[in-house]
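Chemist: The structure under discussion is supplied below as structure tokens; questions concerning it will follow.
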Amino acid sequence: MTCAPAAARASARVGWTLAAHFASSLSIGIAIGGMVPLIALTLEHRGIDPVLIGVNSAIGSLGVIAGAPLVPSMIRRFGAAEGMVLGLLLTATSVVGLAFTEDLGLWLVLRFLTGFGVATQWVVSETWMQAIVTERRRGLVMSVYVTSIAIGFAIGPVLLTFTGTEGVLPFAALAGTIAATALPMLPIRRWAPVLALGQRGSVARLLREAPTVAMAAIAVGLVDSAFFTFMPLYGLRIGLSHETAITLLTAVFAGNVILQVPLGWLADRVNRRALLVALGLGCCVGPAAAAWALTAGSVVAYPVLVLWGGAAFGIYTVAMTLLGERYRGGELAAANAAFVIAFELANLAGPPAAGWAMEAWVPHGLMVWMTAVALGFVAVAVVRGALRR
């Protein structure tokens, strides 16, 4: 008789905890989705060289790369929820600081700190959820989490239409959103699992122990940044109007929003490694199919982009479920940090490589690059699968 109420309470705690993380992830997605264009527009208005604007953007990723390895130690020292709140407050304070200085050197420092603080939320949230979900629901939970962030990315730029892009208000609004991201963590802080041991996240170790998972993070990081940076430009190069070219990116990210939950549901019912390979194969076919459909003016162009985008970002979702399936406790915190670092390193390398490909093979170099990344991932996944057998 006493077991049923206890089980119900435990289930309710997990439900409330997951809801808090989804809400927090939605908020951080809104903040980041708004902050990227706001910073670019602000610096351009000040007459900053585009190269330096790109450097400023990259500095945020470097902050994540620097902060992620320290997260397990921060969890151990302060606790999961408390460490997450501290990181978010650091990010919010740094964003507010951007509104009160025009010194580019100080901007670079503040951008680094925003990334450093976000790393805590990123790693802790993913690790916490992985630690408390059951194996049969892991894929579904991770897919809802990814979808929450994707929806936030879409809302962020819309927020700027209300605040404008000049003055203190847009920075204050985004900082407030980041600070609000911490609020759902406060009621659940006493339910935090034990997450951290003494080790830091190591990409080299993750590559040795779980090469398929590590390569999934790298592959998605490479194409994620390339999608953002070059997809509209590709549309222009094949003769589309400016308005139509921008919608290509919208279609790709619509696939991210729409298909993650179905893919997460599927990941709980089929072999996850086989699903990863299938998604990778879809990404091998997607670029050529999209290039043909767009240049031919086919009605299937946008459905192809939606499916390709869903498959590309689905690799991240399914790889995260495999990460949680393999690692536990403090090892999970370190492995998740390494996963985030691998993704961000690839995000830094992706745009230069994709840009070189676009110049080397006009006009379809971007599609060649995307296909090469997918083929590399599939090759690693297939070889690793054969070795495991």
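The values are calculated or read from the model by the stated rules, or taken from the named source; none is laboratory data. Since this is a predicted model, take the numbers as computed values, not measurements. All Cβ positions, glycine included, derive from the backbone under ideal geometry; neighbour counts span all protein chains shown. Surface accessibility is based on the protein's heavy atoms, side chains included, excluding ligands, DNA and RNA. Shrake-Rupley method; radii C 1.70, N 1.55, O 1.52, S 1.80 Å.
Chemist: Quickly run through the stretch 300-339 and pick out the residues that are at pLDDT below 90 and of a type in the set (A, V, I, L, M).
Modeler: Correct list: L332, A333, A334, A335, A337.
Chemist: Out of (1) buried (at least 24 other Cβ atoms within 10 Å of the Cβ); (2) within 25 Å of L345 (Cα to Cα); (3) in contact (Cβ under 8 Å) with a residue 40 or more places away in the chain; (4) of a type outside the set (S, T, Y), the odd one out for L279 is which?
Modeler: Every condition holds for L279 apart from (3).
Chemist: Spot the failing condition for W107; the list is (1) open to solvent by 70 Å² or more (accessible area, probe 1.4 Å); (2) assigned to a helix (DSSP H, G or I), and only one is missed.
Modeler: Tallying (1) open to solvent by 70 Å² or more (accessible area, probe 1.4 Å); (2) assigned to a helix (DSSP H, G or I), W107 fails exactly one: (1).
Chemist: Here is a follow-up. Out of all the residues in the stretch 293-333, which are out of contact with any helix residue (DSSP H, G or I) (no Cβ under 7 Å at 6 or more places or on another chain) and within 23 Å of L276 (Cα to Cα)? Walk me through it before giving the result.
Modeler: Restricting attention to the stretch 293-333, the residues satisfying the condition of being out of contact with any helix residue (DSSP H, G or I) (no Cβ under 7 Å at 6 or more places or on another chain) are 295-299, 303, 326, 328-329, 331.
Listed by number, the residues that qualify are P303, R326, R328, E331.
Chemist: Sticking with this one: Given the condition at pLDDT 85 or above and among the acidic types (D, E), answer yes or no: does some residue in the stretch 70-82 qualify?
Modeler: The answer is yes, given that some residue of the stretch 70-82 is at pLDDT 85 or above and among the acidic types (D, E).
Chemist: Another question about this same structure. Let me confirm something: among G105, G139, G115, which residue is under 15 Å from the mean Cα position of the chain (by Cα) and of a type in the set (G, A, S)?
Modeler: Sole residue among the options that is under 15 Å from the mean Cα position of the chain (by Cα) and of a type in the set (G, A, S): G115.
Chemist: Now for a separate question. Looking only at the stretch 103-142, filter to residues that are free of Cβ contacts under 8 Å to residues at least 24 places away in the same chain and not hydrophobic (A, V, I, L, M, F, W, C); which one of those is nearest to E344 (Cα to Cα)?
Modeler: Step one: filter the stretch 103-142 for residues free of Cβ contacts under 8 Å to residues at least 24 places away in the same chain, giving 103, 105-106, 109-110, 134.
Then keep just the ones that are not hydrophobic (A, V, I, L, M, F, W, C); that gives 103, 105, 134.
Working: D103: 26, G105: 22, T134: 28 Å.
That would be G105.
Chemist: Please determine whether any residue of the stretch 36-47 is open to solvent by 50 Å² or more (accessible area, probe 1.4 Å), without any contact (Cβ under 8 Å) to a residue 12 or more places away in the chain and touching a helix residue (DSSP H, G or I) at 6+ places or on another chain (Cβ under 7 Å).
Modeler: yes
Chemist: Now for a separate question. Could you look through the stretch 306-355, keep only residues that are among the charged types (D, E, K, R) and farther than 11 Å from G221 by Cβ, and pick out the one that is least open to solvent (accessible area, probe 1.4 Å)?
Modeler: Step by step, filter the stretch 306-355, then rank; the result is E331.
Chemist: It is to be established whether one or more residues within the stretch 201-210 are more than 22 Å from A353 (Cα to Cα), touching a Lys or Arg at 6+ places or on another chain (Cβ under 7 Å) and not charged (D, E, K, R).
Modeler: Yes, the conditions are met somewhere in the stretch 201-210.
Chemist: Output the residues belonging to the stretch 10-25 that are of a type outside the set (G, A, S) and surrounded by fewer than 21 Cβ atoms within 10 Å (Cβ to Cβ).
Modeler: R13, V14, W16, L18, F22
Chemist: Do we have T114 as modelled with pLDDT of 80 or more, closer than 22 Å to W128 by Cα and either assigned to a helix (DSSP H, G or I) or hydrophobic (A, V, I, L, M, F, W, C) (or both) here?
Modeler: Yes, satisfied.
Chemist: Looking at the structure I just gave you, is F78 in contact with a Leu (Cβ under 8 Å, 6 or more places away or on another chain), without any contact (Cβ under 8 Å) to a residue 12 or more places away in the chain and open to solvent by 30 Å² or more (accessible area, probe 1.4 Å)?
Modeler: yes
Chemist: All but one of (1) over 16 Å from the mean Cα position of the chain (by Cα); (2) in a helix (DSSP H, G or I); (3) acidic (D, E) hold for E166, so report the exception by its number.
Modeler: (2)
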